[in-house]
Amino acid sequence: MQKAVMDVEGVIEASNIRARRMGPQMLVDLLIRIDCQLSASAAQQVAEQVRPRQTDGLFSMRRQWALAHA
């Protein structure tokens with residue numbers, strides 16, 4: 001999963017990857033590091049590109065939250 005996330009343009013580092021089940025769903029938490037000069041909108045776009053890489057046919061994800069720290 002880390003390699004797939006690292007292949008997303010704009011991702012500098014992926015770490016703290018954790019996956020767990022909650023009922024029939026799989027929850028995945030991960031931390032991505034991006035360029036702190038990106039706007040909030042651009043940072044969200046990077047996060048949205050990471051989401052399909054996370055799932056990649058393994059399981060479905062209902063929600064995604066992104067938090068960018070400069």
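Annotations for the structure displayed:
- Distance between modelled label sites at Glu9 and Glu48, nm, 7 Å Cα→Cβ extension: 1.5
- Derived scalar couplings between HN and Hα for the stretch 4-18 equal 4, 5, 5, 6, 6, 4, x, 7, 8, 8, 10, 8, 6, 7, 9 Hz in order, rounded to whole Hz, by the Karplus curve 6.51 cos²θ - 1.76 cosθ + 1.60 (θ = phi - 60°), x for Gly and Pro.
Every number in this text was worked out from the coordinates using simple rules, so none of it is lab data. These numbers were taken from a predicted model, which means no experiment stands behind them. All Cβ positions, glycine included, derive from the backbone under ideal geometry; neighbour counts span all protein chains shown.
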